[in-house]
Amino acid sequence: MKINELTGKVIGAAIEVHNALGPGLLESAYEACLCRELDLRQIGYERQKELPVTYKGMNLDCGYRLDVLVENSLLLELKACEKVEEIHKAQLLTYLRLTGLQIGLIINFNVTLLREGIMRIVNGLAE
């Protein structure tokens, strides 16, 4: 599946979750429901996948985890916050660099319309 098609399917799943639950819940609730929706749509994912950090040949046990990795190619950073800050974008870009992935989505469920809470972050690709 091409990345744009996959991204569209994941956004559709997130919209379904947001339509059912609305804003105001904890991030963990949205993560669980989004993963259930991905299951129903037969989209492969890994939830809370460990993110190893290596610095100059030394493995660091920092406890970082990816919220959701979809089909080993799309990284999801889920939020339930008032506003997505620049640090959230920088965090996702760092995760993309550490994993070698090129595309990630920040999905903030704490908005009235979900399309206002979705940001696409790109690592090393022309938009």
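Just a yes or no: is a residue in segment 70-78 assigned to a strand (DSSP E or B), charged (D, E, K, R) and without any contact (Cβ under 8 Å) to a residue 60 or more places away in the chain? There is at least one residue in segment 70-78 that is assigned to a strand (DSSP E or B), charged (D, E, K, R) and without any contact (Cβ under 8 Å) to a residue 60 or more places away in the chain.
Quick one: in segment 1-35, of everything that is of a type in the set (Gly, Ala, Ser) and outside any loop (DSSP other than H, G, I, E, B), which residue is nearest to ILE118 (Cα to Cα)? Before you say what the answer is, go through the steps one by one.
Taking segment 1-35 and keeping what is of a type in the set (Gly, Ala, Ser), we get 8, 12-14, 20, 22, 24, 28-29, 32.
Right, trim to outside any loop (DSSP other than H, G, I, E, B) and you get 8, 12-14, 20, 28-29, 32.
On the way: GLY8: 11, GLY12: 11, ALA13: 12, ALA14: 10, ALA20: 17, SER28: 17, ALA29: 17, ALA32: 18 Å.
Filtering first and then ranking leaves ALA14.
Of the residues that sit in segment 95-127 and are assigned to a loop (DSSP other than H, G, I, E, B) and among the aliphatic types (A, V, I, L, M), which one is nearest to SER28 (Cα to Cα)? Filtering first and then ranking leaves VAL111.
Are any of the residues in segment 53-68 modelled with pLDDT of 95 or more, among the aromatic types (Phe, Trp, Tyr) and not in a loop (DSSP other than H, G, I, E, B)? So far as segment 53-68 goes, no, none of its residues is modelled with pLDDT of 95 or more, among the aromatic types (Phe, Trp, Tyr) and not in a loop (DSSP other than H, G, I, E, B). With respect to THR54, is the statement that it is free of Cβ contacts under 8 Å to residues at least 60 places away in the same chain, surrounded by fewer than 15 Cβ atoms within 10 Å (Cβ to Cβ), hydroxyl-bearing (Ser, Thr, Tyr) and in contact with a strand residue (DSSP E or B) (Cβ under 9 Å, 6 or more places away or on another chain) true? When the stated conditions are applied, THR54 passes them. With respect to being among the β-branched types (Val, Ile, Thr), touching a residue at least 12 places away in the same chain (Cβ under 8 Å) and crowded, with 17+ Cβ neighbours inside 10 Å, ILE43 fits the description. Looking at LEU74, LEU98, LEU92, just one residue is of a type outside the set (Ser, Thr, Tyr), within 20 Å of PRO52 (Cβ to Cβ) and over 13 Å from the mean Cα position of the chain (by Cα), and that residue is LEU98.
Is it fair to say GLU77 is within 20 Å of LEU96 (Cα to Cα), crowded, with 16+ Cβ neighbours inside 10 Å and of a type in the set (Asp, Glu)?
yes
Just give me the residues in segment 94-117 being more than 16 Å from GLY22 (Cβ to Cβ) and either touching a helix residue (DSSP H, G or I) at 6+ places or on another chain (Cβ under 8 Å) or crowded, with 17+ Cβ neighbours inside 10 Å (or both), in sequence order. Don't jump to the end; show me each part of the working.
Start the filter on segment 94-117 by keeping residues that are more than 16 Å from GLY22 (Cβ to Cβ), which leaves 94-106.
Across segment 94-117, the qualifying residues are TYR95, LEU96, THR99, LEU101, GLN102, ILE103, GLY104, LEU105, ILE106.
Among the residues that make up segment 36-48, is at least one of them at pLDDT 95 or above, out of contact with any Pro (no Cβ under 9 Å at 6 or more places or on another chain), within 17 Å of ASN72 (Cα to Cα) and assigned to a helix (DSSP H, G or I)? Even if it seems obvious, please write down each step before you answer.
To start, the set of residues in segment 36-48 that are at pLDDT 95 or above comprises 36-48.
After this cut, where a residue has to be out of contact with any Pro (no Cβ under 9 Å at 6 or more places or on another chain) as well, the list is 36-48.
Checking which are within 17 Å of ASN72 (Cα to Cα) leaves us with 38-39, 41-48.
With the extra rule that they be assigned to a helix (DSSP H, G or I), the set shrinks to 38-39.
Yes, segment 36-48 has at least one match.
The values are calculated or read from the model by the stated rules, or taken from the named source; none is laboratory data. Computed from a predicted model, the values in this text were never measured in an experiment. No Cβ is skipped: glycine too gets one built from the backbone with ideal geometry, and neighbour counts run over all protein chains shown.
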